[in-house]
Amino acid sequence: MKEPFSTLLEKAWIDLHGPLVGWQIAILLSCFALAWAAGRALGLARVEADGIWKFGVGGLRRILFPAVALIPLMLSISLLKHLIEVDLLRLFVPLLVSLLLVRIFFYLLRHVFARGSIVRTFERTIAVLVWGALVLHVSGLLPEVIDYLDGIDFRFGKQKLTLWLVMQGLFSVVISLLAALWLSGAIEGRLMRADSLHSSLRVVFARLAKSLLVLVAVLMVLPLVGIDLTVLSVFGGAIGVGLGFGLQKIASNYVSGFIILLDRSIRIGDLITVDNFFGEVRDITTRYVVVRAGDGREAIIPNELLIATTVLNHSYSNRQIQLTIRVQIGYKGDPEHAMRLMEEAASKQRRVLAEPPPKAFLARFADNGIDLDLGVWIDDPEIGTADIRSELNLAIWRAFQEAGIEIPYPQREIRVLPGAGGVSG
C-alpha cells in the first residue's frame, strides 16, 4: 500500500501538467508573499525585549512565515476543492507544517545549549538539513536515496565502508555530541554554582567532564553504526607525528592550561604582568588566558607562555598593592612638615587603605630640591591607578599651597667671579 504522502505527490505531479496549474501556482505565490509581507510589517527583528518576552519574540519570528502561509493556503483548499484540482496545494500543507515543527524544535534546542555552541551558531543550517530529510521520508523518496548512497562503497584499511554508513555515523556522532554537550553544560552550571569549590577547580572539573563525555559519546556511537574502532588506529601514527611536529604547540598549550587550572597559580580576577602587558585575568581556557588592561585592551596569551616565562602576579596572596607618589620641595622648606601633610592628604582618600597607613619618606637630596616619596596601599587595582594618583597629587598640591611649601622647578645659578680669564671688567 502506498503512503498517503506518496500518493499526494503523484497527484501533484499530475496537476503540474494540467491546464489549471497556473491557478495553484498563483495561490502558492500569493500565500508566500503574504507571509513575507506579514514578517516585514511586524518587524520582529527590530523589537527589543528581555527575559521571557525576548524568548517569545524569537520563537514567533521563526514560526511566522510557515504559520501565516498555512492559513490562506488551508482556506484556499477548502474553497476551491470543488472547482479545480488542489493536490499541488495539499502537497505544501505537510511541508509547511513540518517546517514549522522543525523550527520550533531547534529554537527550543538552541536555548538548551550555552551561548557560542555549534547548535546556536548553525541553527538554521541544521534545521534545513533535518527538514530536507523529513521531506524525503514523508514523500517516500528516502529509501531510493538510501539505496543509492549505500551503493557507493570504498575501503579504509580492512574495513569496507559505504557513503550511507559514513553519513549514519556522522549523524549519530552529531546527535551524541549534542547530548554530551548538553549534559556537560548542565554539569558545568552546577559546578559554577558550587561556592565550596575554588573557581579554578570548577573550571578544571567542567573542562574534564566535557572532554570525557564527548570521548565516551564518540566511542559508544561508532560501533553501533557498524564502524570498527580498530579503523581509528590508522590515525594513531598520523596523530603521533602531528603532535610531534605541527601540533606540538597546541598540545603544549592544552597541557599547560590544565596545569595552570590545577595549581591555581593564576586565577580569574588576578592582576598579572606577562610579556610587558599588565591587566586583569578575565578568562582561563585550556588553550589561552584572556588578560584585560585598564584601557580596555585585551591580550590572548597562550598557556605555554605562562608556564615557560616569569609571570608577575600582583594579587597572588592578596589584592593589596602599593603606589608610590614622588614630590619635590625646595631646600628652604621643612621636609618633616611636608611629609606630615602628604600623609594627612593621603589618609583622606577613599581608596587608600588605613592599614597599612600611608607613609612618607625622604628619598634623596636632588639638584633642585628634596625628593619625598609617599607610599599608599590600595586593594582595588583592577579599576586602575590613574585616578587615585591624580587625586593624591591634587590633594598634596593643595596642602602645600596652603602651607606655603614651594615645589621647585629646574634652575641654575651662574656666578661671574672678578678677574676671571676671558671676562672683561
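Here are the numbers for the structure shown:
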quantity: The stretch 316-411: relative contact order as a whole-number percent, Cα under 8 Å and 6+ apart; calculated: 40
quantity: Neighbour net charge for Ser347 - beta-carbon separation under 12 angstrom, K R +1, D E -1; calculated: +2
quantity: Val145-Leu219 pseudo-label distance in nm [points 7 Å out on the Cα-to-Cβ vector]; calculated: 3.4
quantity: Surface share of carbon and sulfur [accessible, 1.4 angstrom probe, percent] for the stretch 309-425; calculated: 51
quantity: The stretch 283-365, relative contact order in percent, only Cα pairs under 8 angstrom and at least six apart counted; calculated: 14
quantity: Relative contact order %, the stretch 257-326, counting alpha carbon pairs below 8 Å whose residues are six or more apart; calculated: 29
quantity: The stretch 284-389: proportion of alpha-carbon pairs further apart than 20 angstrom, %; calculated: 55
quantity: Highest average packing first - 392-398, 316-322, 288-294, Cβ atoms within 10 Å; calculated: 288-294, 392-398, 316-322
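The values are calculated or read from the model by the stated rules, or taken from the named source; none is laboratory data. Just so you know, these numbers come straight off a predicted model, no measurement behind them. With ideal geometry, Cβ positions are generated from the backbone for all residues, glycine too; neighbour counts draw on all protein chains shown. For the accessible areas, the whole protein counts, side chains as well, though only heavy atoms, and no ligand, DNA or RNA atoms are used. Shrake-Rupley method; radii C 1.70, N 1.55, O 1.52, S 1.80 Å.
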